[in-house]
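Structure, as structure tokens:
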Amino acid sequence: MAVHLAISPAPAYTRGMLDTATNRPELPPEIARRRTFAIISHPDAGKTTLTEKFLLYGGAIQMAGQVRAKGEARRTRSDFMKMEQDRGISVSASAMSFDYLEKYRFNLVDTPGHSDFSEDTYRTLTAVDAAIMVIDGAKGVESQTQKLFEVCRLRDLPILTFCNKMDRESRDTFDIIDEIQENLAIDVTPASWPIGVGRDFLGCYDLIRDRLELMDRADRNKVAESIAIEGLDDPKLDEHIPADLLEKLREEVEMARELLPAMDRQAFLDGTLTPIWFGSAINSFGVRELMDGIAGYGPEPQVQNANPREVAPEEKKVSGFVFKVQANMDPKHRDRVAFVRLVSGHFKRGMKLTHVRSKKPMAVSNPVLFLAADRELAEEAWAGDIIGIPNHGQLRIGDALTEGEALRFTGIPSFAPELLRNCRAGDPMKAKHLDKALMQFAEEGAAKVFKPSFGSGFIVGVVGALQFEVLASRIELEYGLPVRFENSQFTSARWVQGDQEAVDKFASANKQHMATDNDGDPVFLTRLQWDIDRVARDYPDVKLTATKEMMI
């Protein structure tokens, strides 16, 4: 059992800590009650199941769909695409808004867990104020968890941790905490402590509120039993916990209180400390305590970086940015919905906002609030909310909407793809339809689409191979157009930057390698690393980049 002895002893946890969170006094009450957060994890850690239970406790649904259940019970709310429902994985970020305890408004974004869709996750993290990191109790910190955590760290996002699947055989609690501290370089403070593991898992001791939380294995949708006690010496504990487990609980909690830091909200908000809860999402255990933690500790809507200035949520004028575009959420209407994070102000349906990129006014007459694929008309929304704006392609990822000011929200990058393939229509007569479909998916951010300077057709670039499967499936389902992806002679792509004269000269000399993306920006297609090295050597006035800031 490894424990960081370098952490100085901390005072005992105090009761009522959930009430210590103070809202910024200048925030209007409607904004102050909002909590906008994402859930991140390695695939199969239980992220989507946890999302379902959030909706259950928020009163948004009556019964949680289980990812591994059969038939209609399998239809989880956040997985609305057919491939997601068939495979039981999340491949597209989805947004859900609901009230909790009547006092709070949760805006939850369920992100793709599969690493092939990490770019969608990255963009989603630009639109939230905090993240919940879900860890499998048996597997600890896995590779994709570590990658996503690093993205959160780049944005200084506060992180709450949920150690899931404690009802299965799990690792030692101290080992899990130590691994988080070692691998992620963040302090950990336990908000609860597990009692037993696997078949012997009874529940948790709530360190914040001095309560015994017992799990009900019989009914997975039932809220766990909660028993108020007067500390670990309370004789009531003997009535519910076997002697050997009780003795172990007392020893471990005493050790944790001596060696691990107490909850410090400021350290949490700074991203240097994460509170951890233990539980079993599929058994609805530990979820309510985690939700209380988000409500009590989680940040209100935060100031957002923009050019030429930062934008504060309490500002009167409405502003927001597009962080995601989803096509054909309703296949019957062939629509495109732009997911917009409201940054400031009080939005009302019918408002005219300026589309900063085109400098044109846009009347937002049919904005929607989401419960995954389900929508309802949004009569109003506040800073921190995520609304959907149906449109026919005017809105792209990175676009800003304001009441007139030319703001450009920063930090929404586009990444160079790691796999390139040629895309062909199964029916050559439908090539123009394929062009339209691919351009739509490029604007959605589902893939990079490059038009080579030489030859016909398109080259499609993605981060992971599973994205090709998803694209082929969606193009056939949504457009009735079978396609095939064939190997390309090129292996990677880089955007070309420099002054116009240097770029034009470079493009003219390298025509066989040149293409344009869906924005019309020049792209250099490479076969080998040697190609990139050659450009750096022979064209010092030109820069090849693997990322591109989403232009607005």
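What the table below lists for this structure:
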| read-out | value |
| --- | --- |
| Where labels lie 7 Å past Cα in the beta-carbon direction, separation of Gln146 and Lys103 in nm | 3.9 |
| Length released on extending from Met429 to Glu476, taking residue separation times 0.36 nm less the Cα-Cα span | 15.4 nm |
| Nearest-10 value in Å² for the accessible area of Val109, using the 1.4 Å probe | 0 |
| Per residue, in Å², the accessible surface of segment 205-250 once ligands and nucleic acids are set aside, probe 1.4 Å | 54 |
| Sites Glu26 and Arg199, calculated FRET efficiency, Cβ-Cβ separation with R0 51 Å, nearest 0.05 | 0.50 |
| Relative packing of 163-169, 192-198, which averages over residues the other C-beta atoms within 10 Å, highest first | 163-169, 192-198 |
| Packing rank of 241-250, 408-417, where each peptide gets the mean count of other beta carbons within 10 Å, highest leading | 408-417, 241-250 |
| Long pairs among Lys324/Lys451; Lys147/Lys548; Lys359/Lys448; Lys147/Lys511; Lys360/Lys511; Lys47/Lys222, criterion Cα-Cα beyond 29 Å | Lys147/Lys511; Lys360/Lys511 |
| Gain in span if fully extended, Thr547 to Asp172, counting 0.36 nm per residue against the direct Cα distance | 130.9 nm |
| Hits among aspartates and glutamates - C-alpha to C-alpha of Lys348 under 13 Å, sequence gap 8 or more where chains match | Glu379, Glu380, Asp385, Glu403 |
| Qualifying aspartates and glutamates (Cα of each under 12 Å from Cα of Lys165; at least 8 residues distant if same chain) | Asp44, Asp136 |
| Rounded percent of accessible protein surface that carbon and sulfur make up, segment 414-552, 1.4 Å probe | 50 |
| Top positive-direction residue, dipole computed over segment 480-541 with Cβ charges, set Gln529, Gln500, Phe485 | Phe485 |
| Accessible area in square angstrom per residue, segment 254-330, 1.4 angstrom probe | 30 |
| Additional length obtainable on full extension of the chain from Ser226 to Glu182, 0.36 nm per residue less Cα span | 12.5 nm |
| Distance (nanometres) between label positions extended 7 Å along Cα→Cβ at Lys359 and Ala509 | 3.6 |
| Percent antiparallel among DSSP beta bridges (both partners in segment 131-204, rounded to 5) | 35 |
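The values are calculated or read from the model by the stated rules, or taken from the named source; none is laboratory data. None of these values were measured; they are calculated from a predicted model. Note: ideal-geometry Cβ built from the backbone for every residue, glycine included; neighbour counts use all protein chains shown. Only protein heavy atoms, including side chains, enter the accessible area calculation; ligands, DNA and RNA are left aside. Shrake-Rupley method; radii C 1.70, N 1.55, O 1.52, S 1.80 Å.
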